[in-house]
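Just below is one structure, and these are the notes that go with it.
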Amino acid sequence: MPEADESGEAKQFHAEVPQPAEKFYLKGSQSLDWGMKNRLARIFNPLSGRTVMLAFDHGYFQGPTTGLERIDLAILPLEPYADTLMLTRGILRSIVPPSSQKSIVLRVSGGASILKELSNEEIAVDIEDAVRLNVCAMAVQVFIGGEHEKQSVINMTKMIDRGMRYGIPTLAVTAVGKDMKRDARYFRLATRICAELGAHYVKTYYVPEGFETVTAACPVPIVIAGGKKIPELDALTMAYRAIQEGAAGVDMGRNIFQAEAPVAMIQAVRAVVHRNEKPEKALELYHSLKNKKK
Ligand code: R5P
């Protein structure tokens, strides 16, 4: 029997102070459960509401692409500057130290290679393995308008259902076929379909015309992929515009790890994403960090 607690004076209960009811800061995420929100809060910085995801999952369909030949040597030095690592379970287990404090977004679709039709993907990771790896979200490629459109959409909805059981969010990654037009109209369609079917956030590409209509029409956060390597100022400008036009962050790979100075580049991208730094200023930061290293 616990001893009677007679010291509880009324003032200790602070009856006049209402308990705070936090409003969750991420668009469209208010109704999610605690575990989902907690995982999303490990991806999206609660202070800025934004994220710098470092994407290096490219090997799952294209092998050791430029910059990813040695992930231990090229990517691990970038880890301290990323909010989140986006990668495959093979690289996670073989290369990333389990002591890493970074949130993990795990690539869970796959099965196609650059030698064949890329949209022909299936779910390639069991939800139990995602739980085992303590991931904060699972990424599924969705090919709207692609040859295997329906199969990829159902891959996504299956992972959303499985993730909901364990409190793990799903990131829908919109992939665009080579012969398809990358414009705001297409990305409004693709991102909205993913969100309507339950994706917790969506990755898409930036388009210079009408990107704000893509973010406005999508009820959950959008992050942009970097795409092919372009000059540093152009990549920083793209990130800046995307953020100013409503994106909640970047999921950037090649424009970071293929830069001449990747450690400097990821810090410049961080400045744009988290501090609204203008592209020219961020480029100055890039050059000063790059020169400091020499
Ligand atoms: C592509 O399918 C991969 O999933 C990458 O994660 C994605 O494209 C982002 O990387 P990048 O910035 O190099 O385009």
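The values are calculated or read from the model by the stated rules, or taken from the named source; none is laboratory data. Everything quoted here is computed from the prediction, not taken from an experiment. Virtual Cβ from ideal backbone geometry, glycine too; neighbours counted across all protein chains shown. Note: areas computed on protein heavy atoms with side chains; ligands, DNA, RNA excluded. Shrake-Rupley method; radii C 1.70, N 1.55, O 1.52, S 1.80 Å.
Would you mind calculating the relative contact order of the stretch 188-262 from Cα pairs under 8 angstrom and at least 6 residues apart, reporting the percent as a whole number?
Answer for the stretch 188-262 is 31 percent.
Find the relative contact order for the stretch 4-162 and round it to a whole percent, using C-alpha pairs within less than 8 Å whose residues are 6+ positions apart.
Relative contact order, the stretch 4-162: 17 percent.
For the stretch 184-294, with the dipole built from +1 on Lys and Arg beta-carbon atoms and -1 on Asp and Glu ones, taken about the Cα centre, which of Ala264, His274, His200 lies farthest toward the positive end?
So the residue we want is Ala264.
Quick one: net charge of Thr237's neighbours, Cβ under 14 Å, K/R +1, D/E -1?
-3
Pairs of Cα atoms under 8 Å, at least six residues apart: use those to get the relative contact order of the chain, whole percent.
Relative contact order comes out at 16 percent.
Using only the heavy atoms of the protein chains and a 1.4 Å probe, how would Asp251, Asp83 rank by accessible area, largest first?
Asp83, Asp251
Karplus couplings for the stretch 63-73 from phi (6.51 cos²θ - 1.76 cosθ + 1.60, θ = phi - 60°), rounded to Hz, Gly and Pro as x?
Once θ is set to phi - 60°, the couplings for the stretch 63-73 become x, x, 5, 3, x, 10, 5, 10, 5, 4, 8 Hz.
Heads up, I need the accessible area for Val17: 1.4 angstrom probe, whole protein in place, Å², nearest 10.
Looks like 90 Å² after rounding.
Once fully extended, how much extra length lies between Arg70 and Lys23, figured as 0.36 nm per residue of separation less the alpha-carbon to alpha-carbon distance?
Taking 0.36 nm per residue and subtracting the Cα distance, the gain is 12.7 nm.
Given the protein chains as shown and a 1.4 Å probe, how many square angstrom of Tyr25 are accessible, to the nearest 10?
80 Å²
Among 147-154, 86-93, how do they line up by average Cβ neighbours within 10 Å per residue, starting with the highest?
Listed from highest to lowest mean packing, they are 86-93, 147-154.
Rank Arg132, Arg188 by accessible area, highest first, at a 1.4 Å probe radius?
The ordering from most to least exposed comes out as Arg132, Arg188.
Angle check, please: helix 34-43 long axis (alpha carbons) against the longest principal axis of the chain (alpha carbons), in degrees 0 to 90, nearest 10.
The two axes meet at around 50 degrees.
Arrange the peptides 271-278, 39-46, 60-67 so that the one whose residues have, on average, the most other Cβ atoms within 10 Å appears first.
With the highest mean Cβ count within 10 Å placed first, the list reads 39-46, 271-278, 60-67.
Roughly how many percent of the accessible protein surface of the chain is carbon and sulfur, given a 1.4 Å probe and a whole-percent answer?
The C+S portion of the solvent-accessible surface of the chain is 52 percent.
What number, rounded to the nearest 500 deg cm²/dmol, is the helix-based mean residue ellipticity at 222 nm of the chain, given -39500 (n - 2.57) per DSSP H run of at least four residues and division by all its residues?
Only helices count here, giving -11500 deg cm²/dmol.
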